[in-house]
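Q: Just passing along the structure, written as structure tokens.
The values are calculated or read from the model by the stated rules, or taken from the named source; none is laboratory data. Please read these numbers as outputs of a predicted model, since none were measured by experiment. Glycine also receives a Cβ, built like all others from the backbone with ideal geometry; neighbour counts cover every protein chain displayed. The accessibility values were calculated without ligands, DNA or RNA, using every heavy atom of the protein model including side chains. Shrake-Rupley method; radii C 1.70, N 1.55, O 1.52, S 1.80 Å.
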Amino acid sequence: MASYLQIENISKSYGPKILFEKIGFNINEGDKIALIAPNGTGKTSLMRILAGKDKSDSGGKIMFLKDIKIAFLEQEYDFDPEKTIFDQIMSSSVEFTKGLDQEHLWEYERRVVKFLTNFNLSDPEQLMKELSGGEVKRVAITQMLATEAEFFIMDEPTNHLDIDAIEFLEGYLSRSRCTLLMVTHDRYFLDRVCNIVMEMDHGAVYTYKGNYQNYLEKREERIANYNAETDKVRNILRRELEWIRSTPCARTGKARYRINAFYDLKDRASQVYTQKQVSMEAMKGATRLGTKIVNCKNLSFYYGDKCYLDGFTYNFQRYEKVGIVGRNGAGKSTFLNLITGNYTPDMVQEMTAEERSSAAYPPFSAERAAPLQSSPGIITGTIERGESLKIGYYHQSGMSFNPQDTVLDIVNDTWLLNRFLFPHEMLNNKIEKLSGGEKRRLYLLTILMQQPNLLILDEPTNDLDIVTLNILEEYLKEFGGSLIIVSHDRHFLDKLVDHLFIFCGNGLVKDFVGSYSEYREFIKEYEAEQRSIARAEEKAAKEKAAKEAVASAPEAPAKKKKLSYKEQKELEQLEKDLESLAAEKAALEDKLGSGTLPFEELQSASERIGQIMELTDEKELRWLELSENL
């Protein structure tokens, strides 16, 4: 396999903090690599060096295979807010489209439109300034995928994407023959796309072939072996120490190389591997929670002519853990702002259906208009909150820190900061020097230290490293209050929630009892059933039309047309094909019923059964046509 990328001796530091030092690695054609590391250890810095937007402190070499096409996806996408989606993509793709003849340029434009459609961006003429953060991310990914580059380099591609978009991207990359290096915290995405895990740890790089679980196991082995080697070195050091101390007056006569080796041993013996982890022990408590949490009755929200919530009624229960999912722009964050009181419905007058459809805002009376000036739309219905309710609301956008403040200015508790991986030497660091993940971790600390009894998390997994996510999951499983989570991280939802609110669009919200993976399986089975019903109805309609055509046709002599030799062979082959398809369908149904198939095989088997049913319908119709002439 060709080597697509070779890196030798590159380093990066910020002040006294060394992110990585003289690291090197190789990426071959076909490798699909997930790069993981704790926040603040240099993942994004490495990506920026590869993209040519930053430089290695130590020089070093970065060598891409000549003439391969490379596409970069950075966390933040630079765009012109006044451009349309299509114009933004085309103007940002000049490096890929220059030199193309008209036919190949049209082909590139067709790919752009195709990917925009797959990402549910149906209007390429929409202005960039009108898009949500998730929609901007989909534009950036469309631009990357449309290049059909041989090598994709991506920094957190799933951040801000809804689950439908993640699953499309996941399917595309897993099927693609591209080479891939990406930073991700999404464990399902990692397992289904990547075949190698690369870890940055203590300034070095380690590579593990296989999935995330294999990485965890091999990493533990590596650490255990390292620490076992340290124990051996300590035993040797004790013997060498006795030798050094013996007859000290004659030390000058001792072998100089052995004395030098002693100090090398001493340095190595002090190197015990320890992995610092966020500690949630101090956050176990929650303020006492009463019987009433949040009661919603006929709650609706309209903005202009768009409905985000329509007649929602639900009483949240003590200790329940609810997940909220849906496409970008379906109203998930708006719903959180409603139940937390950021948007208040209390003073809004009731409206008729005609008023809702014809006006962006209701005709308020003067005395009612003033309290609602901050409300961004029409809100109807009622929300009641318990007297003992104490809400901790982790916003998707994060906290607006003053970049000149220090870590200690934000949280004046050195013990808590240390538990959240902000050691003494970081306390006076300015916020502007922190990585995105470190800012998120600090923000999370400010929420949890309030000890809320209703914890609302809006996309909490963005920018957090996998180690922190695992610890946060364990904490939330034992959380002593109620929990509401909006997340695109399927693993996170599967581990935590009891049921889901599915935001379907146009204000419709459905309640599904079970995990997200169970919901997806239910949807796939439902969609397969609907396709089967549609095929059966189409088949029945065709047969009915054929019968009616025969009935209305003038009578002809009762003479059958004989099958030609070719048609006879086709009929025989159809019979064999139908028998083979029936056997394959039965075998797949047995596998599906076993309950032992991995997710990927389960999905593949379900899709194949759908294909078999379509083929069977086609071949049966043709068999009927031919058999009438026998």
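Q: In nm, to one decimal, how far is the modelled label at Y475 from the one at E217, with both set 7 Å along Cα→Cβ?
A: Using points 7 Å along Cα→Cβ, the separation is 3.0 nm.
Q: Right, here's the next one. Report, in debye and to the nearest 20, how large the dipole of segment 363-503 comes out about its Cα centre when Lys and Arg carry +1 and Asp and Glu carry -1 on their Cβ.
A: Dipole about the Cα centre, nearest 20: 140 debye.
Q: From the backbone phi of segment 44-53, what are the Karplus-calculated ³J(HN,Hα) couplings (6.51 cos²θ - 1.76 cosθ + 1.60, θ = phi - 60°) in whole Hz, Gly and Pro given as x?
A: For segment 44-53, the Karplus-derived couplings read 5, 4, 4, 4, 5, 5, 5, 7, x, 9 Hz, x marking Gly and Pro.
Q: Something else about it: Between N328 and residues 5 or more places away or on another chain, which pairs have amide H atoms under 5 Å apart, with H built 1.01 Å from N, and which residues are they?
A: Placed amide hydrogens put D162 under 5 Å from N328.
Q: Just to check I understand the Karplus step: with θ = phi - 60° and J = 6.51 cos²θ - 1.76 cosθ + 1.60, what whole-Hz values come out for segment 306-319, glycine and proline as x?
A: Per residue, the Karplus-derived 3J(HN,Hα) values read 9, 9, 9, 8, 9, x, 6, 10, 6, 10, 5, 9, 5, 6 Hz.
Q: Give me the percent of accessible area attributable to carbon and sulfur for segment 1-129, probe 1.4 angstrom.
A: 49 percent
Q: Return the tail of the calculated pair distribution for segment 125-198, meaning the percent of Cα-Cα pairs more than 16 Å apart.
A: That tail contains 48 percent of the Cα-Cα pairs.
Q: Could you state the number of Å between the C-alpha centres of segment 1-43 and segment 135-193?
A: Each part's Cα centre sits 19 Å from the other's.
Q: Tell me, what ³J(HN,Hα) does each residue in segment 395-409 have, in order and in whole Hz, if you take phi through Karplus 6.51 cos²θ - 1.76 cosθ + 1.60 with θ = phi - 60° and put x for Gly and Pro?
A: 6, 4, 6, x, 8, 7, 6, 6, x, 8, 5, 9, 4, 5, 5
Q: Quick one: which of 570-576, 27-33 comes out on top by average Cβ neighbours within 10 Å, and what's the full order, highest first?
A: In decreasing order of mean packing, 570-576, 27-33 become 27-33, 570-576.
Q: I need the peptides 619-626, 100-107, 468-475, 160-167 ranked by packing, meaning the mean over residues of other C-beta atoms within 10 angstrom, with the highest value on top.
A: By packing density, highest mean first, the sequence is 160-167, 468-475, 619-626, 100-107.
Q: Alpha carbons only, please: Rg and Dmax for segment 452-548, in angstrom.
A: 20.4, 70
Q: I need the trypsin sites (Lys or Arg not before Pro) found in segment 147-206, filtered to DSSP loop residues with at most 16 other beta carbons within 10 Å of theirs.
A: Here the trypsin sites (Lys or Arg not before Pro) that fit, given the DSSP loop and packing criteria, are R177.
Q: Could you list which residues have their amide H under 5 Å from that of G60, counting only those 5 or more apart in sequence or on another chain, with H placed in the peptide plane?
A: Residues meeting the amide H criterion: none.
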